[in-house]
1. Treating only the Cβ of Lys, Arg, Asp and Glu as charged (+1, +1, -1, -1), what charge dipole size does the range 269-372 show about its Cα centre? Round to the nearest 20 debye.
2. State the answer as a single residue: which of Ala53, Thr18, Ala97 lies farthest towards the positive end of the charge dipole of the chain, with beta carbon charges of +1 for Lys and Arg and -1 for Asp and Glu, about the Cα centre.
3. How high is the relative contact order of the chain, in percent, counting Cα pairs under 8 Å that sit 6 or more residues apart?
4. Report, in debye and to the nearest 20, how large the dipole of the range 158-214 comes out about its Cα centre when Lys and Arg carry +1 and Asp and Glu carry -1 on their Cβ.
5. Could you derive backbone 3J(HN,Hα) for the range 189-206 from the dihedral phi with the Karplus parameters 6.51, -1.76 and 1.60 (θ = phi - 60°), listing whole Hz in sequence and x where the residue is Gly or Pro?
6. Under a Cβ-only charge scheme (Lys and Arg +1, Asp and Glu -1), can you give me the dipole magnitude of the range 142-286 about the Cα centre, in debye to the nearest 20?
7. Of Gln221, Val190, Leu251, which is farthest along the charge dipole of the range 158-273 in the positive direction, counting Lys and Arg as +1 and Asp and Glu as -1 at C-beta?
8. How big is the range 267-400 along each principal axis, measuring the range of its Cα positions in Å and listing the largest first?
Amino acid sequence: MNSIPRPELDPKSLRPETRLVHAGTLRSQFGETSEALFLTQGYVYDQSETAEARFAGRDAGFVYSRYANPTVAMFEQRMAALEGAEACRATASGMAAVTAALLCQLRTGDHVVSGRALFGSCRYVIEELLPRYGIAATLVDGTDLAAWKAAIRPETRAFFLESPTNPTLEILDIQAIAKLARAAKARLIVDNVFATPLLQSPLELGAEIVVYSATKHIDGQGRCLGGAILASEAFIAEHLHTFLRQTGPCLSPFNAWVLLKGLETLGLRVERMQASAASLADFLAAHKRIKKVLYPGRSDHPQAALAKKQMKGSGTLLAFEVADGKAGAFRFADALRLIRISNNLGDAKSLITHPATTTHQRFAPEVRAEMGISDGLLRLSVGLEHADDLAEDLARGLKAL
Ligand SMILES: *Cc1c(COP(=O)(O)O)cnc(C)c1O
């Protein structure tokens, strides 16, 4: 019996929580409920003519999974619908997304301006890798708009930033920085990992490109790596499409499938993790041996007003400084029984990191100081555990101080 296909709702008419569950689903002839996992490298063609038409781009079907794959395409379409972007391309990791977003559009002689408070590998790509190919970079204090403006040169082609930043959770004014970028004819790339697609929409604030490590909240259960680049169709057609196809940092269909299922619960997870993060930030701030708490949702955060204006929530991460520097931080982290020591974030399990000796170890002490990373600073990624159990665990850390 032939059935009539049901017309799809336009994802734009749906709220983000609904897009997370439905957007981008491509059902096969079997009508499966859950997204199918197309674990295939290639595709077969009924006739030589079909193969010819696919290679010529006249027929829209799949050709090779380095180029595109139905499960990966579902992930890309769901991400694009969530972000409100024209298009998305998935990558094997967040760093593949960051590197491709930069390299695909830059050439020798170009210049990049970037916020200096960056995830370690992002800073490596901008500060060390790009200059090897004759692409200069200037790192600025991202909260200082005058510094962004002063760094612009005639050959500036791209701006790069993270907000909230890692690990000190500074908030950068995306709208104002996007304006400066546009005036300089440079494209602003925002690494939106800390905010997640639910809590901040950089494209609406004027950015041209958004990148994610899907490894973090999007998987959210510590299983696989992935990344995504979101931009206009025109940017992807002109710069990214061929770069990705020919260099091959493609997302595995298996990982795309895990990430798709992760997206279904992203809204619930972020909501719960954020509520716990807010209460734990207040809990820590009330203790006298905690020197300061950094959480964008607290009124004592240096950019509290900007966070409120630019973000739809305050996020799932917080940072705090304990008395007695590195020794105090180690005593605190080692006394925890539930919260585990790990450099990862966005996981269902709460994770604590000492940035000065791990993620930011390679920087000189002065550079760390400039980024606000003191020896007593700890970063906490709040997970899905009951907030009271987490508070009881943090109390163990406080007692060890
Ligand atoms: C983790 C992370 C990345 C890199 O992502 P991978 O998936 O580990 O390659 C980039 N930027 C930020 C802000 C991150 O937290």
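1. The dipole magnitude comes to about 200 debye.
2. Result: Ala97.
3. 16 percent
4. 260 debye
5. Once rounded to whole Hz, the list reads 9, 10, 8, 9, 4, 5, 7, 6, x, 7, 9, 7, 10, x, 5, 5, 8, x.
6. Charge dipole, the range 142-286, about its Cα centre: 300 debye, nearest 20.
7. Leu251
8. Per principal axis, max minus min of the Cα coordinates gives 37, 33, 28 Å.
The values are calculated or read from the model by the stated rules, or taken from the named source; none is laboratory data. Since we're looking at a predicted model, the values are computed, not measured. Reconstructed Cβ throughout: ideal geometry from the backbone, glycine too, with neighbour counts over all protein chains shown. Accessible surface is based on the protein model in full, side chains and every heavy atom, while ligands, DNA and RNA are left aside. Shrake-Rupley method; radii C 1.70, N 1.55, O 1.52, S 1.80 Å.
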